[in-house]
Amino acid sequence: MGKDDVIESGAGGGEFAAKDYTDPPPAPLIDAAELGSWSLYRAVIAEFIATLLFLYITVATVIGYKHQTDASASGADAACGGVGVLGIAWAFGGMIFVLVYCTAGISGGHINPAVTFGLFLARKVSLVRALLYIVAVLAPLPIGFAVFMVHLATIPVTGTGINPARSLGAAVIYNKDKPWDDHWIFWVGPLVGAAIAAFYHQYILRAGAIKALGSFRSNA
């Protein structure tokens, strides 16, 4: 007799088929051992990248539609129609479908702090995992805002070549004299900035944290 054929008596004398599965135990509120698991950090990275891609594609779609349907547009912009409201809806829905499909087996495919919060309340994820997921999906927002502010300030000055790979690609494709003029600046500037940021983090922020920890231990 198979497990699907098992019959149990109900409280009212009726009969019903027994469940052929068992519910997983609720996730612990705080699972310290989880912090030492690579699968947790792999899941957090997956949530971060998925959210970053989701924001990039969907926001770019909305901006493109707004630009192409602007009444003041002329030339190629006027001749090129936007994707429309249906296209925007497909961009959002399609990206969620693809990203959840790609990350479901790694992180569960939350890509939304509200989803993570709901699963935490349902005891499907621990508090540690929930907090890390929420930080991961919110992290692209300040990063994107920082890049937005940099572009806003430097587009009129340099064209904002804060990514050397992007600057090199544009120069190679355009392949005229102007993009190569002072091209070295778009390499030296970001690399020097990265070196300064690394020094600041390693010897100021991190050193300050280590000193504070040492002071706390000495007073304990």
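Assorted remarks:
- Note on region 35-88: residues that are among the β-branched types (Val, Ile, Thr), surrounded by 14 or more Cβ atoms within 10 Å (Cβ to Cβ) and modelled with pLDDT under 80 amount to 3.
- Only a single item in (1) out of contact with any His (no Cβ under 9 Å at 6 or more places or on another chain); (2) modelled with pLDDT of 75 or more is not met by residue 166, and it is number (2).
- Among the residues of region 132-171, those that are hydrophobic (A, V, I, L, M, F, W, C), surrounded by fewer than 11 Cβ atoms within 10 Å (Cβ to Cβ) and either in a loop (DSSP other than H, G, I, E, B) or touching a Phe, Trp or Tyr at 6+ places or on another chain (Cβ under 6 Å) (or both) comprise 155, 157.
- Residue list for region 109-124, restricted to those being more than 19 Å from the chain's Cα centre (by Cα) and assigned to a loop (DSSP other than H, G, I, E, B): 122, 123, 124
The values are calculated or read from the model by the stated rules, or taken from the named source; none is laboratory data. Remember, predicted model here, so these are calculated numbers, not experimental data. Heads up, the Cβs are rebuilt from the backbone with ideal geometry, glycines too, and the neighbour counts pull from every protein chain shown.
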